[in-house]
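For reference, the structure is listed below as structure tokens.
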Amino acid sequence: MSKKLKTGKYEILVDIDFKPDVHKFCNDLVEKMTFLHRYMGIVFTELKVYETAKGYHLYFGADSAEELTPMDIVFIQLALGSDYKREVFNWRRVRGWLEGDELSPGWNTLFMVKYRGGKVVSIEQKTFNAKVVEETVMHIYRKRAEKIKCGR
């Protein structure tokens with residue numbers, strides 16, 4: 001579990017590489033979370049959001065009655081809207097692990113600071129918009145999750 005999260009058995013990391021309309025983004029994200037809750041039994045326990053130069057980093061704490069594999073984690077991240085290129089690289093790492101390679105403990109990571117040519121080009125920041133996304137998404141999700149009956 002990352003130093004950013006306090007709850008949840010699983011860490012779900014989502015990289016959003018654009019700056020969405022915050023209201024629409026929150027609603028869309030809650031729809032995806034609710035769908036995963038209902039049909040996969042994923043319970044989101046916590047969310048930390050940081051703004052980056054391109055978009056947002058989302059750190060979810062999550063629980064599941066069923067054991068989640070690294071491949072499941074990649075799928076969930078993609079379903080939540082994470083950058084498809086990031087998830088293809090994660091999928092390749094996990095596929096190698098399934099074929100017998102060692103899976104590095106840091107296989108699924110988001111970089112707090114990004115460098116290009118030796119210069120800092122992006123730093124995670126707890127901005128006003130990041131706080132709004134964090135609080136709004138979890139508030140709406142918790143209300144909806146109370147009414148959900150999980151089923152496969």
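Extension gain for Arg95 to Lys147 (0.36 nm times residue separation, less C-alpha to C-alpha distance): 15.1 nm. In the structure shown, the pairs Lys24/Lys147; Lys24/Lys114; Lys85/Lys149 are assessed against 25 Å; a Cα-Cα span above that value is assigned to Lys24/Lys114; Lys85/Lys149.
Rounded, prolate or oblate, given the Cα gyration tensor of region 31-102, with a/c below 1.5 counting as rounded? It comes out oblate by the Cα gyration axes. Estimated from the Cβ-Cβ distance and a Förster radius of 22 angstrom, the FRET efficiency linking Val88 and Thr109 is about 0.90. Placing a label point 7 Å from the Cα of Lys19 along the Cα-to-Cβ line, the residues of region 66-93 whose backbone N sits under 19 Å from it are 83.
Counting only helical runs of four or more DSSP H residues, what would the 222 nm mean residue ellipticity of the chain come to if each run contributes -39,500 (n - 2.57) and the total is spread over all its residues? Please report the intermediate quantities before stating the final value.
Details: 4 runs with 62 residues, N = 152.
Per the formula, -13500 deg cm²/dmol.
Considering only Gly55, Gly100, Gly118, the Gaussian network model of the chain with Cα springs below 10 Å gives its largest mean-square fluctuation to Gly118.
Remark: region 123-133, residue by residue, has Karplus-estimated 3J(HN,Hα) of 9, 4, 9, 8, 8, 4, 4, 4, 5, 4, 4 Hz, where x stands for each Gly or Pro and the curve is 6.51 cos²θ - 1.76 cosθ + 1.60 at θ = phi - 60°.
Using θ = phi - 60° in the Karplus curve 6.51 cos²θ - 1.76 cosθ + 1.60, the 3J(HN,Hα) couplings for region 17-34 round to 9, 7, 9, x, 4, 4, 4, 5, 4, 4, 5, 4, 5, 4, 4, 5, 4, 5 Hz; x is entered for Gly and Pro. Mean-square fluctuation check for the chain, GNM, Cα pairs under 10 Å: which of Val30, Val132, Val43 is largest? Fluctuation is largest for Val132. Computed from backbone phi, the HN-Hα couplings of region 36-51 come to 5, 5, 5, 9, 10, x, 7, 10, 7, 9, 7, 9, 10, 10, 10, 7 Hz, rounded to whole numbers (Karplus: 6.51 cos²θ - 1.76 cosθ + 1.60, θ = phi - 60°; Gly and Pro given as x). Normalised by the number of residues in region 10-145, what is the relative contact order in percent for Cα pairs under 8 Å and 6+ residues apart? About 34 percent, as a whole number.
Order these by the 10 Å Cβ neighbour count, fewest first: Glu11, Glu31.
Numbers: Glu11 17, Glu31 13.
Lowest to highest Cβ neighbour count: Glu31, Glu11.
Read-outs: derived from the displayed coordinates by stated rules, not from any lab. Given the structure is predicted, the values throughout are model-derived calculations rather than measurements. For neighbour counting, all protein chains shown are included, and Cβ atoms are generated from backbone atoms with ideal geometry for every residue, glycine included.
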